[in-house]
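Visitor: Here's a structure for you.
The values are calculated or read from the model by the stated rules, or taken from the named source; none is laboratory data. Keep in mind that this is a model prediction, so the values were computed, not measured. With ideal geometry, Cβ positions are generated from the backbone for all residues, glycine too; neighbour counts draw on all protein chains shown. In case anyone asks, the SASA skips ligands and DNA or RNA and just uses the protein heavy atoms, side chains included. Shrake-Rupley method; radii C 1.70, N 1.55, O 1.52, S 1.80 Å.
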Amino acid sequence: MEHHRFLKPDLARLIAREHGTPCYVYDQAVLEAQADAMLGFPNAYGLTVRFAMKACPNAAILRVFLAKGLHFDASSGWEVRRATLAGVPADRISLSSQELPDDVVELLRQGVHVNACSLLQLERIGKALPGHEVGLRFNPGRGSGGTGKTNVGGPDSSFGIWHEWADRARDIAEAHRLKVVRIHTHIGSGSDPAVWQEVSEASLALVGRFPTVATLNLGGGYKVARVASEKGTDPAVIGVPVRAAFEKFAQADGRRLRLEIEPGTFLVANAGAVLAKVQDVVSTGAREFLKLDSGMTEILRPSLYGSQHPVHLYPETPRGGEREYVVVGHCCESGDLISCAPGEPETLAPRRLPEAAAGDLCVIGGAGAYCAGMSTKNYNSFPEAPEVLVNRDGRATLIRRRQTLAQVVQNETPAAGP
Ligand SMILES: *Cc1c(COP(=O)(O)O)cnc(C)c1O
């Protein structure tokens, strides 16, 4: 069977020996290549690429992108603080949050860029810091995502200021002398490129209503193919009509807008994998199951979205044949499933894999985005898995240790006893 792109059997065995399983493994060369692809995004009058850090917030990953010249998108005040701890300067961070942090004034004073994501958020910023610069996140009226859970635009989505309330937003900004310098739209993860392009036009129309805006942020959501049946979005292609739209806008309006984009998935998804071990092979007569020492504790996306992730098996000893296996996780939850049907978390979809036995290593690919940062942490009291970064010279460096049991329970108070 085909090996995983960067986590080949020898490296997998080395990392398993040194750091144990399950373990996240990232590849610096892939991270940098993806950053380069996004830095080449077509643009007319300047480009800022922000890594949507919620996709993979480990400091070592942030620093790889910082060195590449990327900026950062934070989804909460906590993420802003985390980026700061990792060494990201405040003026390289932009906050678009469902929940405005209590210390937003301090963040703004430090130079963090804040996009007000609701009229109330805008009002709170205006009251606290009249005259300050601010961005506005709009819901442009349309959304598109790989699944309903990741579609964050349109009338059924709470994200951003509804586009028809642009006048109200302008009134609030004027009442507090806020200078609106940025318009922001982000319509979903895994969005349809055609919808994204249409929304770009609608976003330019919103810019037209705010004469002080100099930057248009078109969010993230660019697709990657994790398995062969999926089709990724090519930034070099989808950016071309948007560049033309910026030029047309400049001719009509006079403003040469800077473009900001905020990819998360695109930068990290295929730069990460989960290294696991087969800990059991069981049969019901009708089905054969491969049970891993990993699952929704490291990779929740199949159970949550019905996401497809490639599975590579590295048998300890060659056995010849192949079999159909349903690949499942180690949690006491029948929904802890790696091999489900696309978009159907509850439908088993066996994978054709080499004949397996307990002890074999298994690599789950496409696990760089929304895995280490989004999992059922400590469910069944499994400790948080370590993270390893494979540097350009092929060396595997530990970038997060495995949690200990003491750490799992460390915040329980003595009052938790009888
Ligand atoms: C999550 C998010 C992104 C990144 O989305 P991807 O699908 O990972 O590219 C960008 N911008 C905002 C505001 C987000 O919430």
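Visitor: Scan the range 173-193 for residues that are within 27 Å of the chain's Cα centre (by Cα) and either within 16 Å of the ligand (Cβ to nearest atom) or free of Cβ contacts under 8 Å to residues at least 40 places away in the same chain (or both) and jot them down.
Guide: If the condition is that a residue be within 27 Å of the chain's Cα centre (by Cα) and either within 16 Å of the ligand (Cβ to nearest atom) or free of Cβ contacts under 8 Å to residues at least 40 places away in the same chain (or both), then Arg182, Ile183, His184, Thr185, His186, Ile187, Gly188, Ser189, Gly190, Ser191, Asp192, Pro193 are the ones that fit.
Visitor: I would also like to ask the following. For the range 218-276, give me each residue that is away from the ligand (no atom under 16 Å from the Cβ) and within 18 Å of Pro302 (Cα to Cα).
Guide: The first filter runs over the range 218-276 and keeps only residues away from the ligand (no atom under 16 Å from the Cβ), leaving 227-229, 236-237, 240-241, 243-258, 273-276.
Of everything in the range 218-276, those that are away from the ligand (no atom under 16 Å from the Cβ) and within 18 Å of Pro302 (Cα to Cα) turn out to be Val227, Ala228, Ser229, Ala273, Val274, Leu275, Ala276.
Visitor: Does any residue in the range 28-52 that is in a strand (DSSP E or B) come within less than 8 Å, Cβ to Cβ, of a residue that is among the basic types (Lys, Arg) and more than 16 Å from the ligand (Cβ to nearest atom) six or more places away or on a different chain, and which pairs are these?
Guide: Leu47/Arg258; Thr48/Arg258
Visitor: For the range 132-144, enumerate the residues that are more than 13 Å from the ligand (Cβ to nearest atom) and farther than 16 Å from Phe210 by Cβ.
Guide: Gly141, Arg142
Visitor: Among (1) more than 23 Å from Gly221 (Cα to Cα); (2) touching a residue at least 40 places away in the same chain (Cβ under 8 Å); (3) surrounded by 13 or more Cβ atoms within 10 Å (Cβ to Cβ), which single condition is Thr150 missing?
Guide: Unmet condition: (1).
Visitor: Ok, one more. Suppose we filter the range 247-276 for residues that are in a helix (DSSP H, G or I) and crowded, with 24+ Cβ neighbours inside 10 Å; how many remain? Step through it out loud before you land on a result.
Guide: In the first step, residues of the range 247-276 are kept if they are in a helix (DSSP H, G or I); the result is 247-253, 265-271.
With the extra rule that they be crowded, with 24+ Cβ neighbours inside 10 Å, the set shrinks to 265-271.
Adding up the residues that qualify gives 7.
Visitor: Select from the range 173-189 the residues that are in a helix (DSSP H, G or I) and either open to solvent by less than 10 Å² (accessible area, probe 1.4 Å) or in contact with a helix residue (DSSP H, G or I) (Cβ under 6 Å, 6 or more places away or on another chain) (or both) and list them in ascending order. Show your work before the answer.
Guide: Let us first name the residues in the range 173-189 that are in a helix (DSSP H, G or I), namely 173-175.
Scanning the range 173-189 gives a single hit, Ala173.
Visitor: What about Ala205, is it part of a helix (DSSP H, G or I), away from the ligand (no atom under 13 Å from the Cβ) and open to solvent by less than 20 Å² (accessible area, probe 1.4 Å)? Let's see the steps before the verdict.
Guide: Numbers: part of a helix (DSSP H, G or I): yes; away from the ligand (no atom under 13 Å from the Cβ): yes; open to solvent by less than 20 Å² (accessible area, probe 1.4 Å): no.
Taking the combined requirement at face value, the residue does not satisfy it.
Visitor: Next up: Failed condition for Arg170, given (1) crowded, with 21+ Cβ neighbours inside 10 Å; (2) more than 13 Å from the ligand (Cβ to nearest atom), with all others met?
Guide: (1)
Visitor: Turning to a different aspect of this structure: When you go through Ser118, Ser144 one by one, which is the residue that is open to solvent by less than 70 Å² (accessible area, probe 1.4 Å) and over 12 Å from His186 (Cβ atoms)? Walk me through how you get there before you give the answer.
Guide: Details: Ser144 fails: over 12 Å from His186 (Cβ atoms).
From the options Ser118, Ser144, the qualifying one is Ser118.
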